[in-house]
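One structure is given here, and the rest of the page talks about it.
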Amino acid sequence: MHKVTVNLDKRSYDIKIEKGLLAAMGKEARKLSKAGKAAIITDANVDSLYGAKLQKTLEESDFIVERIVIEPGEKSKTLQTLGDVYARMAAFGLTRSDLVITFGGGVPGDLGGFAAATFLRGIDFIQVPTSLLAQIDSSVGGKVAIDLPTGKNLVGSFYQPLGVLIDPDLLTSLPKRYLHDGLAEAIKYGCIRSADLFAKLQGIKDDEELLANIEVIIKECCEIKARIVENDEFDTGERMVLNFGHTIGHAVEKYYNYETYTHGEGVGIGMVALTGKTEQLGITEKGSTTLIKDVLQHYGLPTEAVMEKEEVLKTIALDKKKKGGEITIVILEKIGKSRLLKIPYKDLTHYIG
Ligand code: GLY
């Protein structure tokens, strides 16, 4: 088993990563909580594959279990679904000494985590992420949220879990597109903090080799994220480097109504677009854009999207990352080294292709 600790004083917790961990989730959850009841918040896809297995292992460790199942996909991350989830938590009789287990990708993790953060003013929760994107990013660091019609993650909180339990075997049932979607975030970690991780991802031959190495890749990504979150839990400085590629990426996702590009695909497009520009401006080491493009293409990820520059700027203008007349963007000096750059919003046009 690999273990990564997120050191946040009294709210510190471990991320445990092990193939086959699903069967031991009950014991692991029991080490973290004395709760009588555990509500699993999951989506219909994950529930049909693994819901009964998770319930069984929790029951074997003496939890009384209820599965609260939402529809899969970002369209469920709404106030309406959250209201339904609260109603189910209340009907189950969940108290402040009980437990929520979020089980799935970013949607059950974010919405379920926000439900845990707010129901009865906060009850304990454990993240059990099942997509690569959730295992290396969204389940770590305590950001929980729902979307509003005006944008993603606009209502949320920082609420750390008791622990994150990762079974990489669950990735074998993930459609390849979503495995690669998560890899875009792994490539991002390589870009912002680790040339070694970037090189490892460049060197992997195929999906078989990828899955054979996935435990270590997940651990390295979680370690990078944990160190960043420890330094800036509330996202006022260093944590923003995690948004490399995201400003343009979010705009691409939104412009195409979240129907054409997945989150990771948008991030990949964003990393290439911005680095292409910063390379031209002499900020980023020459050749970096080609390296990023090549590794994305190696995993079948798109590297560009058809979108008018004016549309990109308009969509970014609505993004919550814009503060007053300024916007902070994340740029690379070279692969493995990033920094924040605060620019007047009017200058953003120079950083968009
Ligand atoms: N996913 C970015 C963050 O956790 O800050």
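The values are calculated or read from the model by the stated rules, or taken from the named source; none is laboratory data. Please read all numbers here as calculations on a predicted model, not as lab measurements. For neighbour counting, all protein chains shown are included, and Cβ atoms are generated from backbone atoms with ideal geometry for every residue, glycine included. Note: accessible area is taken over every heavy atom of the protein model, side chains too, but ligands, DNA and RNA are not part of it. Shrake-Rupley method; radii C 1.70, N 1.55, O 1.52, S 1.80 Å.
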What list of ³J(HN,Hα) couplings, whole Hz, do you get for segment 58-74 from phi and the Karplus terms 6.51, -1.76, 1.60, once you set θ to phi - 60° and write x for glycine and proline?
-> 5, 5, 5, 9, 6, 8, 8, 10, 10, 9, 9, 10, 9, 5, x, x, 4
Loop only per DSSP, at most 15 neighbouring Cβ atoms within 10 Å: give me the GluC sites (Glu not before Pro) in segment 253-307, ordered by residue number.
-> Glu259, Glu304
Could you grab the relative contact order for segment 8-99? Cα pairs under 8 Å, six or more apart, rounded to a whole percent.
-> 35 percent
Rg(Cα)/(2.2 N^0.38 Å) for the chain, N = residue count = 0.96
Looking only at Lys314, Lys77, Lys334, which one moves most when the chain is put into a Gaussian network model with springs between Cα atoms under 10 Å?
-> Lys314
Of Lys75/Lys176; Lys31/Lys176; Lys16/Lys293; Lys77/Lys346; Lys31/Lys200; Lys53/Lys205, which pairs sit farther than 30 Å apart, going by alpha carbon to alpha carbon?
-> Lys31/Lys176; Lys16/Lys293; Lys77/Lys346; Lys31/Lys200; Lys53/Lys205
Hz values of 3J(HN,Hα) by residue in segment 247-264 - Karplus curve (6.51, -1.76, 1.60), Gly and Pro given as x | 5, 6, x, 4, 4, 5, 4, 5, 4, 8, 6, 6, 10, 9, 10, 6, 4, x
Suppose every K and R has +1 on its Cβ and every D and E has -1 on its Cβ; what is the size of the dipole of the chain about the Cα centre, in Debye to the nearest 20?
-> 800 debye
Multiply the residue separation of Lys337 and Ala91 by 0.36 nm, subtract the distance between their alpha-carbon atoms, and state the gained length in nm to one decimal.
-> 83.6 nm
With all protein chains present, how much of the accessible area of segment 240-353 (probe radius 1.4 Å) comes from carbon and sulfur, to the nearest whole percent?
-> 51 percent
Extension gain from Val155 to Asp169, taking 0.36 nm per residue of separation minus the Cα-Cα distance = 1.8 nm
When only Cα pairs under 8 Å and 6 or more residues apart are kept, what is the percent relative contact order across the chain?
-> 15 percent
Selection from Ala52, Pro108, Thr95, by position along the positive dipole direction of segment 33-171 (Cβ) | Thr95
Between Lys346 and Ala23, what FRET efficiency comes out of the Förster formula 1/(1 + (r/R0)^6) with R0 = 45 Å and r the beta carbon distance, rounded to 0.05?
-> 0.20
Net length gained if the chain between Asn257 and His2 were fully extended (0.36 nm per residue, minus Cα distance) | 88.0 nm
Could you work out the equivalent-ellipsoid semi-axes for segment 266-353, taking the square root of 5 times each eigenvalue of the Cα gyration tensor, largest first, in whole Å?
-> 22, 16, 11
Share of segment 108-217's accessible area from carbon and sulfur, percent, 1.4 Å?
-> 53 percent
